[in-house]
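Novice: Here it is: the structure, laid out below.
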Amino acid sequence: MFNVLGFARKGARMVVALGFAAGLAACDVTLPTVGAGSGDKLSGDTVTVALLVPYGSPSPGDEGLARSLENAARLAAADLGGKVDIKVYRTAGQAGTAAAVADQAIAEGAQVIVGPLRSDAANAAAVAARDDGVNVLAFSNNTSIAGGNLFVLGNTFDNIASRLMGYAGAQGRSRVVVVYPRTPVGQIARSAVVKATAGTNVQIVGDGSFEFSEEGIASAVPVIAQTVASSGATAVMLTDDSAGALPLLAQLLPERGVDPSVVKSLGLTRWDVPPQTLALPGLQGGWFALPDPSLSAKFNARYQGAYGQAPHPLAGLAYDGVAAVGALAAKNLKATAGNLTQSSGFAGVNGVFRLKGDGTIQRALAIAQVTNSRVQIVDPAPKSFSRGGF
């Protein structure tokens, strides 16, 4: 049985593990031929990157995650042939410590900060670095902290919802009921889905909210099923993940008459983590978004070969952050906001991505369908930002 309440603990951290590692051998960037002024040029041959990771955190799993992030960052630095010098700083998973080590890193010559992990620590580090003009590329996916000198690298609800709504609309699944917990994270998820309908033919025709408990989910399912039937919905957006309400919803909604062969299930989170999620009856034939699986396999194999174990699902974010900075350095450019947000973006181990002026991120994602409890890619991830949908 899945842990129905796991997401509540994760939600309190405001970090949702949505941006999972994919993989390429290196990172590249195509820059405009004009525009970089002398103030955007590096003064030396290398760029110093401060890597802020949660070594010393009391939270279970943080030590291993910190090691995985550092390992991936060092893989990126090795691929860049000496253009990046990484210095690691321990945040202990605390906002105050993150601010203090950000100050220390800048005093010791850091030109850009990659990390920290969680939104409170990332925000504190960015505030500390702001007056020095140092940008922070955080591992968070919390868009509420983005902006100014703070960019988020994690895959966001906005990005995922935009990809799914565009695809669903193109496939004729234009009447959507949004199912979400009555929690702060649930409200953020719902807002992202509503926002993502702009510019599409998709309409939100109903809400299916629930109190975040087993009893709350079970009591809400009949009401949600009735909303789906009475609204003429052609799709249901399930915003929760496999550690939260998703397993119960995917089991109980079909029992209440929401036939997945008629009403398509859409997922705002990864359904292939853990793999047994794919066997849930309400997800059969449904769609969710993920990075290019072939790239994931390449990165995982490289990491396994280098370190003798599989990477943490978030490890690719560290690779991408360091590699983007290094790609600019290879062209003798600083990691200024203007250079980081150039429109052609970067190609990293999570596929192509670009940072936006508001501090958020746009990542290329594939659309996967659950077919016989297995992942089937029905719309591949774009390889560049020239393709429609971006």
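The values are calculated or read from the model by the stated rules, or taken from the named source; none is laboratory data. Model, not experiment: these values are computed from the prediction. Reconstructed Cβ throughout: ideal geometry from the backbone, glycine too, with neighbour counts over all protein chains shown.
Novice: Based on what the data block shows, is residue 105 surrounded by fewer than 20 Cβ atoms within 10 Å (Cβ to Cβ), closer than 19 Å to residue 325 by Cβ and out of contact with any helix residue (DSSP H, G or I) (no Cβ under 8 Å at 6 or more places or on another chain)?
Specialist: no
Novice: In addition: Within the set of pairs 6 or more residues apart or between chains, which connect a residue that is under 21 Å from residue 381 (Cβ atoms) inside region 270-291 to a residue that is of a type in the set (Asp, Glu) with Cβ atoms less than 9 Å apart?
Specialist: 270/241; 271/241; 273/241; 277/241; 278/272; 287/379; 288/272; 290/272
Novice: May I pose another question? Across region 337-348, what is the number of residues that are buried (at least 18 other Cβ atoms within 10 Å of the Cβ) and outside any helix (DSSP H, G or I)?
Specialist: So the count comes out to 5.
Each row is one residue, and each column tells you yes or no for (1) in contact with a strand residue (DSSP E or B) (Cβ under 9 Å, 6 or more places away or on another chain); (2) in a helix (DSSP H, G or I).
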position	(1), (2)
204	yes, no
207	yes, no
215	no, yes
221	yes, yes
228	yes, yes
233	yes, no
236	yes, no
242	no, no
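Novice: Can you tell me which residues in region 349-367 are in contact with a strand residue (DSSP E or B) (Cβ under 8 Å, 6 or more places away or on another chain), assigned to a loop (DSSP other than H, G, I, E, B) and among the aliphatic types (A, V, I, L, M)?
Specialist: 364, 365, listed by residue number.
Novice: Right, next: Of the residues 324, 318, only one is in contact (Cβ under 8 Å) with a residue 60 or more places away in the chain, farther than 24 Å from residue 386 by Cβ and in a helix (DSSP H, G or I); which?
Specialist: 318 is the lone residue from the list that is in contact (Cβ under 8 Å) with a residue 60 or more places away in the chain, farther than 24 Å from residue 386 by Cβ and in a helix (DSSP H, G or I).
Novice: Which one of these is more than 19 Å from the chain's Cα centre (by Cα), at positive phi and at pLDDT 95 or above: 35, 109?
Specialist: When all the criteria are applied, what remains is 109.
Novice: Return the residues of region 265-280 that are of a type in the set (A, V, I, L, M, F, W, C) and part of a loop (DSSP other than H, G, I, E, B); say none if nothing qualifies.
Specialist: 268, 271, 273, 280
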